[in-house]
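Some notes on the structure that comes next.
Every number here is computed from the coordinates shown, using simple stated rules; none is lab data. Remember, predicted model here, so these are calculated numbers, not experimental data. Counting neighbours? That spans all protein chains shown, and the Cβs are built from the backbone with ideal geometry, glycine included.
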Amino acid sequence: MLLGRLRNNPPAKRVVTASIYACACLPIGHVLAAYYAAQSYTGRAVVMSARIAVVGCIVLAAACFAALLQSSCVVILGIVGASLCWPYFGALAANPWRILDLARHFFYGWTEVWSILSLFVATIYSLVQLRAVLRPSKVNPH
């Protein structure tokens, strides 16, 4: 019953789901690639959270492709991918002054701001989809 509700998505909803996860995955991947290209050692916790965020970005990309293929695990992949990305971006999102400081920079700062906003949208979208899937269906008892 639960898997049937996940598989019966119309094509337009699958495209919207895939584009939301792609819009979250691409800027996150860019920010992480820039972090690894700079090769600045900022501490063990930051390096570990960046590695975990890379895995989360890969899982979000898998959720994007799974949405296009009408898979039943899209919601779970989206939640897991977003959850794995939040440790790296959580410290930045918790400090709004840092976000405003990054917004002053032209390229790299806007990419980080965009990645936080798209990660927030992907997280909210995944949680709403999970709530819709777990909601009891209205079955006529008679």
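Describe numerically, in nm with one decimal, the distance between label points set 7 Å from Cα along Cα→Cβ at residue 36 and at residue 131.
About 3.5 nm separates the two model spin labels.
In nm, give the distance between the simple-model label positions of residue 94 and residue 44, each being 7 Å from the Cα along the Cα-to-Cβ direction.
Once both label points are built, they end up 1.9 nm from each other.
Among 125, 88, which comes first, second and so on when ranked by fewest other beta-carbon atoms within 10 Å? The partial results should precede the final answer.
On the way: 125 19, 88 26.
In order of increasing Cβ crowding within 10 Å: 125, 88.
Give, in nm to one decimal, the length gained when the segment between residue 55 and residue 16 is fully stretched (0.36 nm per residue of separation minus the Cα-Cα distance).
11.8 nm
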